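Asker: Sharing a structure here in structure tokens format.
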Amino acid sequence: MKIAVASQNKTSIADPTGQCLNFWIYEVNATEILGKELLELPQGQSFHDTCRNDPHSLDNVGILIAKTIGQGLRTKLEQRSIEGIATPESDPDRAVRAYLDGSLVKAAPTANESECEHYAAGSA
């Protein structure tokens, strides 16, 4: 399974998430981290800029961990079968290890984030 962690500065978990372009991608099994690599998206490829039916570089992950996940982003993730988890944890490695051992502190959902015009308007 793959877990993505939003990390715009490449050291801590990012906020806001919808415009983040850097993600740590963790390959994990049920109990441990097997590998980690940085995915740097080009401008225009953030979730904020990607509309509903557009392919996205994170379509192959099962979990996205971030500081906050607004309802607009949560909806986009759900449509891509990605579970979005917001957490107050700031260290990406600790967050993934805590997720795997069931101790990750989860934050409450946040207010709606902006969405791209095509997505908000409901067009493809």
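For every residue, the table says whether it meets (1) among the polar types (S, T, N, Q); (2) at pLDDT 95 or above; (3) under 12 Å from the mean Cα position of the chain (by Cα).
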site: Val61; (1), (2), (3): no, yes, yes
site: Ala66; (1), (2), (3): no, yes, yes
site: Leu100; (1), (2), (3): no, yes, no
site: Glu117; (1), (2), (3): no, no, no
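Asker: Oh, and also: When you scan segment 1-65 for strands (runs of 3 or more DSSP E) that lie fully inside it, which ones turn up with 3 or more residues that are of a type in the set (Phe, Trp, Tyr) and either touching a residue at least 40 places away in the same chain (Cβ under 8 Å) or crowded, with 21+ Cβ neighbours inside 10 Å (or both)?
Answerer: The qualifying strands (runs of 3 or more DSSP E) are 22-28.
Asker: Also: Report, by residue number, each residue of segment 1-42 that is hydrophobic (A, V, I, L, M, F, W, C) and either in contact with a Cys (Cβ under 6 Å, 6 or more places away or on another chain) or more than 19 Å from Leu104 (Cα to Cα) (or both).
Answerer: Ala6, Ala14, Cys20, Leu21, Leu38, Leu39, Leu41
Asker: In this structure, does Leu38 turn out to be modelled with pLDDT of 95 or more and hydrophobic (A, V, I, L, M, F, W, C)?
Answerer: So Leu38 fits the description; yes.
Asker: In this structure, does Arg80 turn out to be basic (Lys, Arg) and either modelled with pLDDT under 95 or exposed (fewer than 13 other Cβ atoms within 10 Å of the Cβ) (or both)?
Answerer: In short, yes.
Asker: Hey, can you tell me all the residues within segment 31-57 that are of a type in the set (A, V, I, L, M, F, W, C) and closer than 15 Å to Val96 by Cβ?
Answerer: Ile33, Leu34, Leu38, Leu39 - these are the residues of segment 31-57 that are of a type in the set (A, V, I, L, M, F, W, C) and closer than 15 Å to Val96 by Cβ.
Asker: Also: Go through segment 3-35 and count every residue that is modelled with pLDDT under 95 and closer than 15 Å to Gly62 by Cβ.
Answerer: 1
Asker: Out of segment 76-106, which residues are in contact (Cβ under 8 Å) with a residue 60 or more places away in the chain and in a helix (DSSP H, G or I)?
Answerer: Passing the criteria: Pro92, Asp93, Ala95, Val96, Arg97, Tyr99, Leu100, Asp101.
The values are calculated or read from the model by the stated rules, or taken from the named source; none is laboratory data. On a predicted model such as this, the values are computed, not experimentally measured, just so you know. With ideal geometry, Cβ positions are generated from the backbone for all residues, glycine too; neighbour counts draw on all protein chains shown.
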